[in-house]
Every structure is written in C-alpha cells, then in structure tokens.
Amino acid sequence: TVATFHALGLAILRDNHAAAGLPAGFRVADEADRIAARGQAGDDGDRYRKLLRAAELVDFDELVSLPLALLRSDPALAGQYRARWPWVFIDEYQDVDADQYALLRLFTRPDGNICAIGDPDQAIYSFRGADVAFFLRFAGAFTDARMVRLTRNYRSAPPIIAAAVQAIAPSTL
C-alpha cells in the first residue's frame, strides 16, 4: 500500500464506514461543499460537521482524525492494520502533525518496523499543524531504529550546495 496519510485514512474509513458512523456512500467535501457548510455554520465547528454529515460528507482534515479516533477506540482493528502493514515507510517525516504521528504509532509495532526519511531543515508545514519535534524525537520514540545521516549531495553542484547551506544556516536545526 502506498498512500498519503489522507488517502490511507480514506481507505480505512471506506473499509469501516459503519464503525466510524458514516454511510457507505460518503464523500469527501469539495470546496463548494465546505464553503456552503461553513456559511451556514458560522464559526461553530460542531454545527459545520453536523451539516457535512447530513449531506453524507466528511471534511478533508477528518480523513486523519476520524480513522485515528476509530482505531483508538478499537484496538483489535488497529492490530489488524498493524498486522497488514508490518513495515511502514514514511517520507517527509519532518512535516508530520500530532494526529498523523498518533496514527503512525498505531500502525507501527513496538519494535518500530519503520523507515522514516526527512530533513528537519525542510519542515514547511507548521502552518498546518506539522511539528518538526516528532522528527527530532524519532530516535527516542523508536528506540530500535538506526539513524542514517545522508551527508553528501550527488544532485547539486558545489556552488549550489554552498549557497543552500548559507541560506539555511541562520535557522538550521
């Protein structure tokens, strides 16, 4: 299985729609659906979700939070997915948010059959809730993991690398 967190969440919800309280034919709200529901709900998040559910819709952001809630409430189901995916590979790990991290922990075995790739200096999604601290704490969270640092760049010429290092040096982690 190769998927983003959101695509994976959608697949889990499709497989377990009844347990998640969703109809079999639910859809992901598009921009027009979200605008209409937000217009009717004002600033009330609960009303917004109720309006979406009445239309058999889920918000894009719920594609992570709903499967997370479902798997937290059903450890046996979480175990089934953990057995289904005994190895987990995640790219751009520096851009994981709290819900994605929690979902990831439900999928990984205690011995941490996980391969994570990322660069804390390239963390760009904090405005969406991503927290580079998950990357920085990786070795502590997955104690059996081996850290491999890539220190050579074979794709860029030395002047480009030197300029990039100068650009990120003031804020590098």
Filtering the stretch 86-128 down to residues that are in a loop (DSSP other than H, G, I, E, B) and at pLDDT below 85 yields R109, P110, D111, G112, N113, D119, A123, I124, Y125
Kindly list, by first and then second residue, each pair from a residue in the stretch 29-51 that is acidic (D, E) to a residue that is open to solvent by less than 100 Å² (accessible area, probe 1.4 Å) and in a helix (DSSP H, G or I), limited to pairs with Cβ atoms under 9 Å and residues at least 6 apart or on different chains.
D33/L52
Those residues of the stretch 28-49 which are loosely packed, with under 13 Cβ neighbours inside 10 Å and charged (D, E, K, R), in sequence order
D30, E31, D43, D44, D46
Please determine whether any residue of the stretch 89-97 is open to solvent by 70 Å² or more (accessible area, probe 1.4 Å), under 25 Å from D15 (Cα atoms) and out of contact with any strand residue (DSSP E or B) (no Cβ under 7 Å at 6 or more places or on another chain).
yes
Consider R82 against the criteria (1) over 17 Å from A3 (Cα atoms); (2) of a type in the set (D, E, K, R); (3) in a helix (DSSP H, G or I): it satisfies all of them except one. Which criterion is unmet?
(1)
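If I filter the stretch 85-96 for residues that are farther than 15 Å from A141 by Cβ and in contact (Cβ under 8 Å) with a residue 40 or more places away in the chain, do I get at least one hit?
Yes.
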Limited to the stretch 98-138, what total is found for residues that are in contact with a helix residue (DSSP H, G or I) (Cβ under 9 Å, 6 or more places away or on another chain), under 22 Å from A76 (Cβ atoms) and open to solvent by 80 Å² or more (accessible area, probe 1.4 Å)?
2
The stretch 129-173 - residue that is among the β-branched types (V, I, T) and at pLDDT 80 or above and, of those, farthest from Q100 (Cα to Cα):
I160
Matching option when the condition is hydrophobic (A, V, I, L, M, F, W, C), open to solvent by 40 Å² or more (accessible area, probe 1.4 Å), over 24 Å from A130 (Cβ atoms) and at pLDDT below 95, among A24, A19, A54, A83:
A83
Within the stretch 63-75, can one find any residue that is part of a loop (DSSP other than H, G, I, E, B), among the hydroxyl-bearing types (S, T, Y) and free of Cβ contacts under 8 Å to residues at least 12 places away in the same chain?
no
Quick check: anything in the stretch 33-40 part of a strand (DSSP E or B), in contact with a helix residue (DSSP H, G or I) (Cβ under 7 Å, 6 or more places away or on another chain) and either modelled with pLDDT of 95 or more or not hydrophobic (A, V, I, L, M, F, W, C) (or both)?
no
Just to check your reading of the model, which residue among L70, L77 is among the aliphatic types (A, V, I, L, M), farther than 27 Å from M147 by Cβ and crowded, with 19+ Cβ neighbours inside 10 Å?
L70
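The values are calculated or read from the model by the stated rules, or taken from the named source; none is laboratory data. In this text, all values refer to a predicted model and were calculated from it rather than measured experimentally. With ideal geometry, Cβ positions are generated from the backbone for all residues, glycine too; neighbour counts draw on all protein chains shown. The protein model used for the area step is the full one, side chains on, heavy atoms only, and it has no ligands, DNA or RNA in it. Shrake-Rupley method; radii C 1.70, N 1.55, O 1.52, S 1.80 Å.
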